[in-house]
Each structure stands twice: as structure tokens, then as C-alpha cells.
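Encoded as C-alpha cells, the structure appears first; notes follow it.
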Amino acid sequence: MKALINISSLVTVASDGKRAKTGSSMRDLGEIRDGAVIFDDVIRWRGPMTEFADACSSLGIAPEELQLDDCSGLTVLPGFVDSHTHIVYAGSRAHEFARRLSGVPYTTIAAEGGGILTTMRAVREASADEIVHVATQHAQRALEHGTTFIEVKSGYGLNLESEVKLLNAAVEVAREVDIRLVSTFMAAHDVPPEFRSSPDDYVRHIVDDMLPAVADIDVLSFCDVFTDKGFFSVEQSEIILQAASGYGLGLKVHADEIAAIGASNMAARLGCVSADHLEYTTEADVDALRDAGVVCTLLPGTAYTLRLPPPNARMMIDRGAIVALATDCNPGSCLSENMQNVLSLACMTLGMSIEEAIVAATLHGAAALRVHDRVGSIDVGKEADMVLYDVPTYADIVYHFGVNHVLGVYVRGEMVA
Ligand code: NIG
Ligand code: FE
């Protein structure tokens, strides 16, 4: 058994067993000043130092049996749950970034056969080992920046062979890096060149040939569709998502990033686990997402990189929706694994408070991956995924931006970074 003691700021994100903290409860971090945590692979107790001795005796442990770590001057948070990334890929899009800076829109580059299709060509040519290497580096860097649980989407292969290559790469990353990982099947990320003249045939191919072939791949938990102007229509998306649901996969949607074509409304109707992006989402859509319990996952790094209008987090939180934050780490629209930066961006560009941002990046990320019963807060019985930061208050993590404040990372009670 181990204990972290004398923690200057212990941010528990106490959830009372709930899936989410909505509305004004999102500002309640359950912070304990001068706190302590007793844990093995799960959290056994957490509370103020003044109650530490009593906690030891009621757990039947002599304090000298504990492996103690003095956390004076430090802040401890639950590990970040980054519920939206695309880190299995190959190649670079730095040249497209330079073009975008000179004024060429992301959508123009995509329509010319660049964007996602640039990465698709690189993935189809790459070996499995090359893809694992890229993804392993991203996952390791995410872990070192405080992310203990990550979601990884396929979607740059766009044919059966290459989508399988990507999903298998994700399995390999889960073996090689001490981060916890689930994957998402996203062949409906773009229409590949061989189906450009008949996109409905690609939809059929996904449903008839790809889904049955990938459904049993290890760690695969979700199916996602890019439902947006120039990508997949609501009708096409619904066909794919309904089929995926039949294989027991949870459903996710890239919604309202380029235009509002009804994607978030569809997410509510289908009972998706999350709808992600939401730059152009209306109040009525947010109400539908809220009523259906769909997590609204915001990606401020993408809005920043693509200079999109920032999603209206304030409106979503005030209307009682479950708002989560994630990186969207991918080669084209947001190349960063750093959830500390996502917190800063959320506060500076989405109008979120520091407390709301932390809840969104931990507990609500866990809700977006349906793992909120196990992780996302430092509560008794949850798995001991905790991160030590070299700052005396949690506000410093957000305020002092652009550097890595992480001192140590625990996953299931083991120090892994
Ligand atoms: O989440 N929106 C769609 N997919 C990614 C971007 C993919 C890319 O440009 O490579 C996203 O932003
Ligand atoms: Fe994405």
C-alpha cells in the first residue's frame, strides 16, 4: 500500500458516483488543501492530512507499512482522459499547415485531394511498424503530459487492409505504453479516391465488409463518423452508426465542425456516447444532446489551429450539457498531445473556468469513453490514476501555459512516468 501525503492541493473531482457534474456543480472540484491519498491499484482513502492517522487505523494499516511520498508544494489531479485522438497515422502535413497560413482554407485543401487523403496515402504506404512507432511516441508524450487514458481513432486507411493495420497498431501501442487505451473505428472519416464517384457504395462497403472484419479487434470500443458538409451526410452516417451499434460498439460523431447539417441532432436521436467538435451547434441542438445524455466533447486545439469559431462552451454548460475536453491530436487539424494546453485554451478561448476545464478533461472525458465508473476522479474504489504537478495550486497548471508541469504519473497505482 502507498500514500501521497502533505499534498498542497489535492483535486479529487469528487463525483459522488455520478457520471457527470453538470451546470454549477461543474465548478466544484472537491479540492482538499493539505490532503493525502492511500492507494494500491485503487484508491482506498483520500482526505485531509488531519484525518490521515485515523484513516490508516480504520484501514488496519500501520503508517510505517506505507510507502510514503511527500507532496509538499505539489498539486495532484486525476489523470486526464483524452477521449478524442487520431494518433495512428503516418507522414506529415506540415506543408499543408504552411499553405493554410498563407490563406488557403482547410476545406479547399481537402477538396483538392489533400488533408485526410494526404495522410491516407502515407498510411497505405507505411509499414505496420512505422505506424506503431508514430503512435507510440504520441501516446508516450501524452502520458508524460498527464494523460492516463486515451482514445485512438482509425480513419486514415479508408480501406479494409489499412484500417485493420491502424486498429492493430493501436493494440500494439496499448502493449508498449503504460497508458490505458481504447480504439474507435472511423473508416467514415473521408471517402477514399476509389469511391469518390459513388460514396454510397463506400458506406455499403463499410457496413457489409469492414465492420464485420474489425468488430472483434482488441480494445475496439467505438465507431465514429465525420458527419459534415463535404464528408458524410446524416443519412449515410446513420446507416453506418446503426450497423456499428449492432456489433456492440458505442457511437461517436464528429459534428458541426464545418457546417451545421444536423449531425448533433442525429447524435441525440441515436443515443451516441458523445458528439465532438460542435463549433456550429445551436442552442436547440445542445438541448437535444443534454436530454439524451450525449457528452459534448470540445476540441479547442482544433478551433485554434484551423481558426474556427470557438465552440460555445459557456452556452452548453449553462444549459446543463455534459461538456468534455480533448486534444483531437492528429496530423492535420491539431498536432498536440498536451491536455494541460487544452485546459489553457479552453479557459482563454471557450470562456470556461479553470474548475470547469479540469472536470471536462477528467471525469467528463471518462464519461465520453464510458469508463467513468473506473477512472476520472480520485474517489474511493476508483483505479489509482493520478498525476503530480510541480505547482502549489491547480490554477498554476492553466495560468503558466506552454510548459509541462508534470512531475510524476501513476496508472493503477504504479509510477509509470
Ligand atoms: O477531428 N474532422 C475530422 N477529422 C479530424 C481532422 C483530420 C485531419 O485533418 O487529418 C479532426 O479535426
Ligand atoms: Fe477528430
So how tilted is helix 128-144 from the main axis of the chain? Cα-based, degrees 0 to 90, rounded to 10. 40
Taking the mean number of other Cβ atoms within 10 Å as a proxy for protection, how do you rank 358-364, 82-88 from highest to lowest? 358-364, 82-88
Result: in the chain the number of Lys pairs with C-alpha under 28 Å apart, spaced 8 or more or on different chains, is 16
Can you tell which of Ser183, Leu167, Ala243 lies farthest toward the positive end of the dipole of segment 142-261, using +1 and -1 charges on the Cβ of basic and acidic side chains (Lys, Arg; Asp, Glu)? Ser183
Per-residue ³J(HN,Hα) for segment 185-193, Karplus 6.51 cos²θ - 1.76 cosθ + 1.60, θ = phi - 60°, Hz, x for Gly and Pro: 8, 9, 4, 8, 9, 7, 8, x, x
Using Stokes-Einstein with the Kirkwood hydrodynamic radius over Cα pairs, what translational diffusion coefficient do you get for segment 261-417 at 4 °C and a viscosity of 1.567 mPa s, in µm²/s rounded to a whole number? 80
Would you work out which of Ser83, Val11, Thr22 lies farthest towards the positive end of the dipole of the chain? Charges go on Cβ: Lys and Arg +1, Asp and Glu -1. Thr22
Going by average Cβ neighbours within 10 Å, how do the peptides 166-178, 336-348 rank, with the highest at the top? 336-348, 166-178
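Taking all protein chains as present, what is the carbon and sulfur share of the accessible area of segment 117-174, in % to the nearest whole number, probe 1.4 Å?
Values: 890 of 1840 Å².
Whole-percent figure for carbon plus sulfur exposure: 48.
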Please provide three numbers in whole Å: the alpha-carbon extents of segment 80-368 along the principal axes, with the largest listed first. 44, 42, 40
Round to the nearest 10 and give me the degree value, 0 to 90, for the angle of helix 234-246's Cα axis relative to the longest principal axis of the chain. 60
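Contact order normalised by length for the chain, with contacts defined as Cα pairs under 8 Å and 6 or more residues apart; what percent is it? Write down the numbers at each step before the final one.
Numbers: 970 pairs, mean separation 89.0, N = 417.
Over the chain, the number comes to 21 percent.
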Rounded to 5, the percent of DSSP beta bridges in segment 80-368 classed as antiparallel: 5
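Loop-only chymotrypsin sites (Phe, Trp or Tyr not before Pro) in segment 339-405, please: DSSP not H, G, I, E or B, and at most 12 other Cβ atoms within 10 Å.
none
Explain nothing, just the number: dipole magnitude of segment 80-368 about its Cα centre with +1 on each Lys and Arg Cβ and -1 on each Asp and Glu Cβ, in debye rounded to the nearest 20. Write down the numbers at each step before the final one.
Working: 19 positive and 38 negative charges, 105 e Å.
In total the dipole reaches around 500 debye.
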Treating each Cα of segment 66-186 as an identical point scatterer and ignoring solvent, apply the Debye formula and state log10 I(q)/I(0) at q = 0.09, 0.16, 0.23 Å⁻¹. -0.32, -0.80, -1.24
Over all Cα pairs of segment 126-233, how is the pair count split among 5 Å bins, expressed in % and running from 0 up to the last occupied bin? 2, 13, 22, 22, 18, 12, 8, 3, 1
Degrees between helix 116-125 axis and first principal axis of the chain (Cα, 0 to 90, nearest 10): 90
With the other protein chains left in place, how much accessible area per residue, in square angstrom, belongs to segment 97-153 at a 1.4 angstrom probe? 42
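For segment 1-135, what D do you get in µm² per second when you plug the Kirkwood radius from alpha-carbon pairs into Stokes-Einstein at 4 °C and 1.567 mPa s? Working shown, then result.
Working: Rh = 19.4 Å.
The Stokes-Einstein estimate is 67 µm²/s.
The values are calculated or read from the model by the stated rules, or taken from the named source; none is laboratory data. Computed from a predicted model, the values in this text were never measured in an experiment. Heads up, the Cβs are rebuilt from the backbone with ideal geometry, glycines too, and the neighbour counts pull from every protein chain shown. Heavy atoms of the whole protein, side chains included, go into the accessibility calculation; ligands, DNA and RNA do not. Shrake-Rupley method; radii C 1.70, N 1.55, O 1.52, S 1.80 Å.
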